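FYI, it's all coordinate maths here, none of it is from the lab. Quick caveat, the model's predicted, so the values are computed rather than measured. Methodologically, a virtual Cβ is constructed for each residue, glycine included, from the backbone with ideal geometry; neighbour enumeration extends over all protein chains shown.
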Amino acid sequence: MAFVEPGVTAEVVDAVRSGFRNAFGRVADVVGRAPGRVNLIGEHTDYNAGLCLPVALPHATCAAVARRDDDRVRIASGQEPRPWEGDLGSIGPGHPAGWASYAAGVLWALREGGHDVPGLDIYVDGTVPLGAGLSSSAALECSVAVAVAHLVGLEPTDAVLRELAAACVRAETEVAGAPTGGMDQTVSLFARPHCALLIDFDEHTSRSVELDLAPAGLSLLVTDTRVAHALSDGSYAARRTDCEQAAAWLGVASLRHADLDGVERIDDERIRRRARHVVSEISRVGLAVAAIEAADWAQVGRLFEQSHASMRDDFEISCPELDTAVSTAVDAGAVGARMTGGGFGGSSVAVVTEERVDAVVRAIDARFAAQGFRSPRHLRAVPSAAAGVVLR
Ligand code: ADP
Ligand code: MG
């Protein structure tokens, strides 16, 4: 059984501070900390002006940052061997390439937003698995964003946090060149402990939904299939295009404003299935919130099952490893399970009674071994707090 532990915050912060000292030979001014996330339900709904319901993980990325007297930027990571160094003014769409673009892109986006960002040294480290569909990219962006916001004197009001979320989205889409709909950055900056965050991408609002798992004896178990999801290989963009075509065919601004009767009249079979996923998934998010608020976990389980089937059959973003993780979890007694994140690999999420967690993990490990899949990793998704700065 391989579990990815979140680490103790004080120890992770100490590690990032000493990593900073080793990399740059000086002391960091401030540390920003931002969580990864797991989405409970509502997949590929963000760019369709829909709803989603993510939870912030206890696993987070920390960014230790110090101001420089010149316009240079140096960025290093405990997860990547190659640091990046360049001029502040050289950062922009497509530059730098590679992992540093997510961090450098935030500096560019904040400058584009009119903020006076100085030259900086940045060192990042953390416990969010990279490329597992748990949003290490947004954790990286948001950890840098909150640290830099603090350095330039921005108070973390709701308006400022919304601005930071938008800057992080711009960093990822425009500088890193990776498509993202905004869910990851929003939950990393707005989550509350013990809660999921209901995000409405039509009204651009979010609200916390209490997630009383522990009193019900339940846990959220995440399984990383270790199948790298490559969002940039065109499949994500192809799904977006299908959704735009569906909305155009239906004559609505977005699929948020479509209904299933209309969707069934779409003549193109593939476009019809894509739209059916999005429209039914948005309604499942609303139903899941009602079920969670009523502590009706059996209903949550049914919605997870329907959501997974919709992603597998209609949206076609699952893969054998995800299907195996989900069906094995349910067979081993999970209340419900589904793939989570953008798809084509990444992770699954299951609601499991505390006493069944071990049995579910063992069953998934055994089934993966029998199928010849890579050994999966698991983590407990205790609903955690949003990003912030750690002073000291
Ligand atoms: P996910 O967000 O699901 O983890 P993405 O493909 O969106 O997957 O983002 C993963 C990428 O983000 C990594 O390949 C790397 O380029 C960058 N990244 C995330 N966290 C870190 C980190 N701690 N150090 C360096 N790069 C990171
Ligand atoms: Mg990501």
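Among 326, 129, 255, whose Cα sits farthest toward the positive end of the charge dipole of the chain (+1 at Cβ of Lys/Arg, -1 at Cβ of Asp/Glu, about the Cα centre)? Towards the positive end, the residue furthest out is 129.
Can you give me the C-alpha center-to-center distance between region 25-82 and region 326-346, rounded to a whole angstrom? Answer, in whole Å: 26.
Which GluC sites (Glu not before Pro) in region 179-282 sit in a loop by DSSP (not H, G, I, E or B) and have at most 15 other Cβ atoms within 10 Å of their own Cβ?
In loop regions of region 179-282 (DSSP not H, G, I, E or B), the sparsely surrounded GluC sites (Glu not before Pro) are 203.
Only bridges with both residues in the chain count here: give the DSSP antiparallel percent, nearest 5. Antiparallel bridges: around 90 percent, rounded to the nearest 5. Looking at the chain, I'd like the Rg to Rh ratio, where Rg is from alpha-carbon atoms and Rh is Kirkwood's inverse mean 1/r. Value, to two decimals: 0.97. How much FRET efficiency would the formula 1/(1 + (r/R0)^6) give for residue 265 and residue 9, where r is the Cβ-Cβ distance and R0 is 45 Å, rounded to 0.05? Between residue 265 and residue 9 the formula returns 0.30.
Between the beta carbons of residue 2 and residue 385, assuming R0 = 35 Å, the FRET efficiency works out to 0.85 to the nearest 0.05. Taken along the Cα-to-beta-carbon direction at a fixed 7 Å, the label points for residue 305 and residue 70 span 6.4 nm.
Note on residue 290 and residue 240: the model spin-label points, each 7 Å out from Cα along the C-beta direction, lie 3.2 nm apart. Label separation (residue 212 vs residue 257): 3.9 nm, computed from points 7 Å beyond Cα along the C-beta direction. If you plug the beta carbon distance of residue 160 and residue 366 into 1/(1 + (r/R0)^6) with R0 = 45 Å, you get a FRET efficiency near 0.40.
Maximal additional length on extending the residue 22-residue 90 stretch stands at 21.9 nm, based on 0.36 nm per residue less the C-alpha distance.
For the chain, a Gaussian network of Cα nodes joined below 10 Å ranks 158, 200, 29 by mean-square fluctuation, and the top entry is 158.
Rounded to the nearest 10 degrees, the inclination of helix 100-112 to the longest alpha-carbon principal axis of the chain is 70 degrees.
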